[in-house]
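**Student:** Here it is, the structure, as structure tokens.
The values are calculated or read from the model by the stated rules, or taken from the named source; none is laboratory data. Predicted model only: the values in this text are computed from it and were never measured. All Cβ positions, glycine included, derive from the backbone under ideal geometry; neighbour counts span all protein chains shown.
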Amino acid sequence: MTAVDQHLDGIPPLARRFLDQIDTVPGWLSPKGVALFLTLNATRLSNEPLGGVVEFGVYSGRTLVLLALLEPDSPAVGFDIGPPLAADTAARAGAANVRVITADSSTLTPGAILDYLGGEAPRVVSVDGDHGEDLARNDLMLAEAIVADHGIVVADDFSHPLFPGVAVAVRDSIRRGVLSPCAFGGGRIALARPADAPAWRERITHYLSRDRAVPEGDLIEGQPVIRLFSHENLCAPSGPMEDRCLRIIEAACSNNEWSAAAIEDLLARLGDEHGMTRAQIKAVLIDVFGEDQVRIFVARERAANNGEGMY
Ligand SMILES: C[S@@+](CC[C@H](N)C(=O)[O-])C[C@H]1O[C@@H](n2cnc3c(N)ncnc32)[C@H](O)[C@@H]1O
């Protein structure tokens, strides 16, 4: 049984057909992520259609088209800075309610987004655009402003070691008291308005308890969250830059993602996106791996770059 099978009962036939073919659509929605969305769909707090779906960062539409097919009578609007690839996916999947807008989400306002939905607040907002701290915060604040009462906001890559800015932005929303965590699965965190979150958690726990013992709980910013999959790492990186870097590297190691390509990518990102100086990165690497191992990395890197090493 896959992560998805146990959630398929009662979903519309076109959504089911799309899930059968989802591997043919390029994108970043894993079976565990699908399980989270289907869980939310099965446990939503109101059975009334609440006005559709919004996604920031659509790419080829894996997520947007699935959400659109789950609620075919409501509009599903996606925004992406890149070409509207998802329009083709929607047409092939028979999702007539999808609209893909080419736009940088940092230029959008809540009013402009709601206009695309005919003025109705969306029941689901998926935040999956730029994963840097500022733009993740921008997209979350838009989500906070537009999501319907009883609706849900889902942010991707909450604990991804390479995107600590997402966790920082999500934690800020929780600390500001505008969103509360409900569930976590497939790297995605589902958040609701604080008044609705206890009821979401209760229904999700009840629903998941059909198949297994009471699901595991955890805490984010002191608030409970339900984990759909017990082994997923919820320890989102946060804190000062060096500390974050250390956690990113540790998470990369513990997930067995460590490879020559991964280390190169990691070093480039730490330098370019997180403003780490080379000395800071080196200090953290030495902390984690020890002096000898770092000497080997450095030698390997120098060899790869014709003597022009990073350090
Ligand atoms: C991880 S992908 C989205 C994956 C997609 N949700 C799926 O289901 O496969 C991130 C997307 O965000 C888009 N993006 C990045 N920065 C953006 C911005 N400022 N505004 C809108 N979209 C943005 C990228 O073009 C890319 O298509």
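**Student:** Mind checking whether some residue in the stretch 34-45 is surrounded by 20 or more Cβ atoms within 10 Å (Cβ to Cβ), of a type in the set (Gly, Ala, Ser) and within 16 Å of the ligand (Cβ to nearest atom)?
**Tutor:** Within the stretch 34-45 (the criterion being surrounded by 20 or more Cβ atoms within 10 Å (Cβ to Cβ), of a type in the set (Gly, Ala, Ser) and within 16 Å of the ligand (Cβ to nearest atom)), the answer is yes, since at least one residue qualifies.
**Student:** Right, another one. Only helices (runs of 4 or more DSSP H) wholly contained in the stretch 7-70 count here; list those with 1 or more residues that are under 24 Å from Ile81 (Cβ atoms).
**Tutor:** 31-43, 62-70
**Student:** Here is a further query. Check Val214, Val127 and return the single one that is among the β-branched types (Val, Ile, Thr) and farther than 21 Å from Gly52 by Cα.
**Tutor:** Residue meeting the stated conditions: Val214.
**Student:** Give me a count of the residues in the stretch 186-199 that are touching a helix residue (DSSP H, G or I) at 6+ places or on another chain (Cβ under 6 Å) and surrounded by fewer than 24 Cβ atoms within 10 Å (Cβ to Cβ).
**Tutor:** Counting residues in the stretch 186-199 that are touching a helix residue (DSSP H, G or I) at 6+ places or on another chain (Cβ under 6 Å) and surrounded by fewer than 24 Cβ atoms within 10 Å (Cβ to Cβ) gives 1.
**Student:** Kindly indicate the residue of the stretch 108-132 that is modelled with pLDDT under 95 and within 13 Å of the ligand (Cβ to nearest atom) and also surrounded by the fewest Cβ atoms within 10 Å (Cβ to Cβ) among those meeting that condition.
**Tutor:** This residue is Gly132.
**Student:** Val154 is checked against (1) at pLDDT 95 or above; (2) surrounded by 24 or more Cβ atoms within 10 Å (Cβ to Cβ); (3) in contact with an Asp or Glu (Cβ under 6 Å, 6 or more places away or on another chain) and fails just one. What number does that condition carry?
**Tutor:** (3)
**Student:** Then there is this: Here's a check for you: in the stretch 134-149, which residue that is among the acidic types (Asp, Glu) and within 13 Å of the ligand (Cβ to nearest atom) is surrounded by the most Cβ atoms within 10 Å (Cβ to Cβ)?
**Tutor:** Asp139
**Student:** Being within 21 Å of the chain's Cα centre (by Cα) and farther than 25 Å from His160 by Cα is the filter here; which residues of the stretch 8-34 pass it?
**Tutor:** If the condition is that a residue be within 21 Å of the chain's Cα centre (by Cα) and farther than 25 Å from His160 by Cα, then Ala15, Phe18 are the ones that fit.
**Student:** Additional query: Within the stretch 203-222, can you find the residues that are surrounded by 13 or more Cβ atoms within 10 Å (Cβ to Cβ) and under 22 Å from Asp9 (Cα atoms)?
**Tutor:** Arg203, Ile204, Thr205, Tyr207, Leu208, Pro215
**Student:** Tell me, yes or no, whether the stretch 171-186 has at least one residue that is within 16 Å of the ligand (Cβ to nearest atom) and outside any loop (DSSP other than H, G, I, E, B).
**Tutor:** yes
**Student:** Restricting attention to the stretch 90-100, does a residue exist that is within 27 Å of Ser159 (Cα to Cα), among the β-branched types (Val, Ile, Thr) and more than 9 Å from the ligand (Cβ to nearest atom)?
**Tutor:** no
**Student:** Out of Ile220, Ile204, Ile189, report the one residue that is in the same structural domain as Asp139 (by TED's automatic domain parsing) and touching a Ser or Thr at 6+ places or on another chain (Cβ under 6 Å).
**Tutor:** Ile204
**Student:** Please give the number of the condition Ser60 fails out of (1) within 8 Å of the ligand (Cβ to nearest atom); (2) surrounded by 17 or more Cβ atoms within 10 Å (Cβ to Cβ); (3) within 18 Å of Ala155 (Cβ to Cβ).
**Tutor:** For Ser60, the exception is condition (3).
**Student:** Please go through the stretch 114-140 and pick out each residue that is in contact with a Pro (Cβ under 9 Å, 6 or more places away or on another chain) and either outside the structural domain of Tyr59 (by TED's automatic domain parsing) or hydrophobic (A, V, I, L, M, F, W, C) (or both).
**Tutor:** Scanning the stretch 114-140 gives Leu114, Leu117.
**Student:** Let me ask something else about it. Among (1) out of contact with any Pro (no Cβ under 7 Å at 6 or more places or on another chain); (2) within 16 Å of the ligand (Cβ to nearest atom); (3) not β-branched (Val, Ile, Thr), where does Ala167 come up short?
**Tutor:** (1)
**Student:** Quick one: would you say Gly82 is within 12 Å of the ligand (Cβ to nearest atom), more than 15 Å from the chain's Cα centre (by Cα), free of Cβ contacts under 8 Å to residues at least 60 places away in the same chain and not in a helix (DSSP H, G or I)?
**Tutor:** For Gly82, the condition - within 12 Å of the ligand (Cβ to nearest atom), more than 15 Å from the chain's Cα centre (by Cα), free of Cβ contacts under 8 Å to residues at least 60 places away in the same chain and not in a helix (DSSP H, G or I) - is met.
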